[in-house]
Amino acid sequence: MSLLEIRNLSLSIGAHDILKGVDLTLGPGEIVAVTGESGSGKSMTALSVMQLLPESAHLSGSIQLAGQELLTLSEGQKCTLRGQSIGMVFQEPMTALNPVKSIGDQVMETILIHKAMPPAQAEERAREVLTRVGLPPERFPLSRFPHELSGGQRQRVVIAMAIALRPRLLIADEPTTALDVTTQAQILDLLQGLVTEYGMGMLMITHDLAVVADLADHIVVMRHGEVVETGHTRHLLRHMQHPYTRMLFEASDHQVTLPPVPDLQPLLAVADVVRDYRKPRTRLFSKPEFHRAVDGVSFTLHRGERLGLVGESGCGKSTLTRAILGLEKVQRGHILLDGTPVFSGHTPDRSVRRNMQVVFQDPFGSFNPRHKVDRLITEPFHLLDTPPTGTDRADRIAEMLTAVGLSPDDAGKYIHEFSGGQRQRIAIARALIIRPELILFDEAVSALDVSVRAQILDLLAELCDAYDLTYLFISHDLNVVRTITDRVMVMQAGKIVEQGDTEQVFSDPQHPYTEALLAAAPRLPKFTQGVA
Amino acid sequence: MLRYALKRLLSLTLSLAIASLVIFAVIEVAPGDPASFMLGVNAQPDTLAALRAELGLDVPKTERYLTWVGGMLTGDFGTSYTYRTPVSQMIADRMWVSLPLALYALTLSTLIAFPAGIYAASRRGKPGDIAVMGATQLGVAVPNFWFAMMLVLIFAINLRWFNAGGFAGWDKGFGAAMQSLTLPAIALALPQAAILARVMRSALLDVLGEDFMRTARAKGLSHRQALWRHGLRNALIPVLTIIGLQFSFLLAGSIIIEQVFYLPGLGRLVFQAISSRDLIVVESVVMLLVFAVIMVNFVVDLAYAAVDPRLRSRT
């Protein structure tokens, strides 16, 4: 008998139909991956099984866990089920834990609300579970608070809470999306090990096909609340039937062709840059200690070159980016754009700043919601000595919006009228409108769905052709960096450990850290390419 | 935690020193010479000079400031210009009315606000929430002296459960004293409770939307359990801030209520002292209130750290 059986499940919230006739089966010890883009209903499917939907939700159909129908249970019975028979791991380890309770308390809570036992015994169980997920109490005492742990460690605590009672079903909703590649590999390994060891079934929700390709037994592809294709992983990847599945697959590994780099003229020169942050003092009169976020970084970016910067969170990528933008003072070294220093104290040097623009990761948070698009994208005009006005200004706006694939009419709209991908196009238009010499892309495509990401990458390649872009592309996504850059730098603990021609570095990494990063990065199996 | 407390204590001392300077300077530049005010417009210059000397107004300002601060540190607040009694004695008498009144009102306001705020948050958008929010809207809008008059009208004049005003004194027994403070405390507490309930509700609603609340539900906690075990403590930070501000306000800002109920509290003392240019009393009471406010903030800071472990490690 299957462990989880979803039949003809439909969900509506208010007037919106979220799920339409979803069918899904999961056996004990099996891993089923539900994949699709945002809005496909994959997370809602998970929350339906968990019976943790908003109050206005209406469910119909059937969800059976080991033969027991879940939709007809009372709220009390559902509470008994959650945590005991079904455990759940969430996407955001940084916020999924209560910040004011110790990790020991939070793991013990799962045990104590379901099992009557003395706290000492529950604590013993909590120790065992935390040890199992790789947080032995000798090194990570139960009294630790979430803010004292890294993202990967917090995700381990969340997993410990979910498996403390050895549930029959584990639901993991994008469990590794917020983590670095090496941490992701470890967490996936842990989850897989737990499934085998406990004989649990695991329902894994993910947008990343590469993550599930060698983990899941079955894949369910969803789109607009419907299952479009389902099958055994190998079989499905070899014989994709539905065009949407094929599109998802191709977009995940989207390749672009960049125009050749013109002859090398240095544009940005970074020489021996050091950035220290002062740590909080441990005692009142102790000597202050420093954390070296950027440690002697040197590189040159040539005009017309596309340079990538990869590394894990905390490696100093963002600090280096801010230093290049002249937003941070550096303790040592020089950053010169076209021969002029970028940092000039607290008064930004407009002649330098107008030659540099930046596109950030979050397409939702980086715009003022009260301004219309024409005002948003012309913001950099204040860097010019004689900003264009009247028809000249309107022409520039229209040209830029057209260049990034939007319509000139969009200038009069507000930002909430656009999707994430369109917003990122607007962000690019904003960066491009004063024709800067250099653009910094800080995780600019990381928050986008694969199909949208592929479109933005195409757009970048087109713009490289049309405007001879020079950019620094900062990302944790190695696949994207591989296709969109000519040269790449690998950063670890504030140092550039390896740099060189992108294809060279990826196919023949020299530094052990680069090797580790590449090994940890999930890759789509090659055997499917060209087979349809 | 100890380091955090010491750091707060250091900033507390600094604030007090700066506050004393500011208070002294502001009151010094205020127009009106207490000696000429006391003796009237027809006073002889030599009598005026003699009184100024007696009051200590003729010495240099720095010296007067140091004497004042030094005196306060040793409990000697000087002598009132008008009443010719030690200021410390006057303040102490009034403090025994104002402090219990403030604490009483704060306790009432917290006791009303917490359940109301939690109830409203757990029933967001439902009739119960709308009713509570409507009541708090009223509580915020209506001034407390109007509540005071209504309370007097109903409970003192019609029902005769309480006295309409005056203070029985603590020597008449705890019950009698508390009885004379009850109506003023309720009048003070209602608007504060309304504000606090609204803050409690919105803080809880913010927390209810947090990811860790969903995690708590996924563990098998019921909605109510999740609210009590995980929601409340996280919602307390903004609530504590408001409670701290309210206590300071209740201690110093109850002049009108003291006037309505004819209570011999600090508010009335300051009011009288200002109208008779009794600067030494004004200075001392203001300094005392500043001290109370700063102390309350210190306690609130410690309470933050007790509630939120992140503040303990980040000093």
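The values are calculated or read from the model by the stated rules, or taken from the named source; none is laboratory data. Bear in mind that the values here come from a model prediction, so they are computed numbers and not experimental data. No Cβ is skipped: glycine too gets one built from the backbone with ideal geometry, and neighbour counts run over all protein chains shown. Just the protein is used for accessible areas: all its heavy atoms, side chains included, with ligands, DNA and RNA removed. Shrake-Rupley method; radii C 1.70, N 1.55, O 1.52, S 1.80 Å.
From the residues in the range B:236-253 that are assigned to a helix (DSSP H, G or I) and among the small types (Gly, Ala, Ser), which one is nearest to the other protein chains (Cβ to nearest Cβ)?
Among those that are assigned to a helix (DSSP H, G or I) and among the small types (Gly, Ala, Ser), it is B:Gly244.
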Problem set entry | Scope the range B:229-280; condition among the β-branched types (Val, Ile, Thr), touching a Phe, Trp or Tyr at 6+ places or on another chain (Cβ under 7 Å) and within 16 Å of B:Leu106 (Cβ to Cβ); matching residues | B:Ile257
Exercise. Out of A:Gln361, A:Gln357, which single residue is part of a strand (DSSP E or B), of a type outside the set (A, V, I, L, M) and buried (at least 16 other Cβ atoms within 10 Å of the Cβ)?
Worked result: A:Gln357
Seminar exercise, completed: Given the conditions (1) surrounded by fewer than 18 Cβ atoms within 10 Å (Cβ to Cβ); (2) touching a residue at least 24 places away in the same chain (Cβ under 8 Å); (3) not aromatic (Phe, Trp, Tyr), every one holds for A:Ile456 apart from (1)
For this session: Among the residues of the range B:49-63, write down those that are under 17 Å from B:Leu279 (Cα atoms), open to solvent by 40 Å² or more (accessible area, probe 1.4 Å) and not in a loop (DSSP other than H, G, I, E, B).
Result: B:Arg52, B:Ala53, B:Glu54, B:Lys61, B:Thr62, B:Glu63
For this session: Look at A:Leu135 and say whether it is open to solvent by 10 Å² or more (accessible area, probe 1.4 Å), of a type in the set (A, V, I, L, M) and away from chain B (no Cβ under 14 Å).
Result: no
For this session: Residues being open to solvent by less than 60 Å² (accessible area, probe 1.4 Å) and either in a loop (DSSP other than H, G, I, E, B) or of a type outside the set (D, E, K, R) (or both): count how many of those fall in the range A:1-13.
Result: 9
Problem set entry | Options A:Ser298, A:Ser318, A:Ser313; residue that is polar (S, T, N, Q) and part of a loop (DSSP other than H, G, I, E, B) | A:Ser313
For this session: Could you grab the pairs with beta carbons closer than 8 Å, sequence gap of 6+ or different chains, first residue in the range B:1-30 and within 14 Å of chain A (Cβ to nearest Cβ) and hydrophobic (A, V, I, L, M, F, W, C), second one exposed (fewer than 12 other Cβ atoms within 10 Å of the Cβ) and assigned to a helix (DSSP H, G or I)?
Result: none
Problem set entry | Verdict on A:Glu92 being part of a loop (DSSP other than H, G, I, E, B), farther than 26 Å from A:Pro28 by Cα and within 14 Å of chain B (Cβ to nearest Cβ) | yes
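So in the range A:168-183, with the set limited to residues that are in contact with a Ser or Thr (Cβ under 9 Å, 6 or more places away or on another chain) and surrounded by 22 or more Cβ atoms within 10 Å (Cβ to Cβ), which one is nearest to the other protein chains (Cβ to nearest Cβ)?
At the first step, the residues of the range A:168-183 found to be in contact with a Ser or Thr (Cβ under 9 Å, 6 or more places away or on another chain) are A:168-169, A:172-177, A:179-180, A:183.
Filter once more, so that each one left must be surrounded by 22 or more Cβ atoms within 10 Å (Cβ to Cβ): A:172-173, A:175-176, A:179.
Details: A:Ala172: 12, A:Asp173: 10, A:Pro175: 13, A:Thr176: 16, A:Leu179: 15 Å.
Selected residue: A:Asp173.
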For this session: Find all pairs meeting these conditions: Cβ atoms under 6 angstrom apart; at least six residues apart or on different chains; first residue within the range B:265-294 and without any contact (Cβ under 8 Å) to a residue 12 or more places away in the chain; second residue open to solvent by 10 Å² or more (accessible area, probe 1.4 Å).
Result: B:Ile274/B:Val282
Exercise. Does B:Met178 meet the test of being at pLDDT 90 or above and on the phi < 0 side of the Ramachandran plot?
Worked result: no
For this session: Kindly indicate whether A:Leu81 is farther than 19 Å from A:Arg223 by Cα and either acidic (Asp, Glu) or buried (at least 18 other Cβ atoms within 10 Å of the Cβ) (or both).
Result: yes
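Suppose we filter A:Asp468, A:Asp374, A:Asp410, A:Asp442 for residues that are under 21 Å from A:Leu309 (Cα atoms) and over 25 Å from the mean Cα position of the chain (by Cα); which single one remains? Lay out the reasoning, then the answer.
Values: A:Asp374 fails: under 21 Å from A:Leu309 (Cα atoms); A:Asp410 fails: under 21 Å from A:Leu309 (Cα atoms); A:Asp442 fails: over 25 Å from the mean Cα position of the chain (by Cα).
Exactly one of A:Asp468, A:Asp374, A:Asp410, A:Asp442 is under 21 Å from A:Leu309 (Cα atoms) and over 25 Å from the mean Cα position of the chain (by Cα), namely A:Asp468.
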Exercise. Name the residues in the range A:95-104 that are more than 7 Å from chain B (Cβ to nearest Cβ) and open to solvent by 20 Å² or more (accessible area, probe 1.4 Å), would you?
Worked result: A:Lys101
For this session: List the number of the failed condition for A:Gly304; all other conditions in (1) surrounded by fewer than 22 Cβ atoms within 10 Å (Cβ to Cβ); (2) more than 29 Å from A:Asp458 (Cβ to Cβ) hold.
Result: (2)
Exercise. What residue, of B:Arg198, B:Arg233, is open to solvent by 10 Å² or more (accessible area, probe 1.4 Å), within 9 Å of another protein chain (Cβ to nearest Cβ) and at negative phi?
Worked result: B:Arg233
Exercise. Among the candidates B:Asp278, B:Asp308, which residue alone is of a type in the set (D, E, K, R), within 14 Å of chain A (Cβ to nearest Cβ) and crowded, with 18+ Cβ neighbours inside 10 Å?
Worked result: B:Asp308
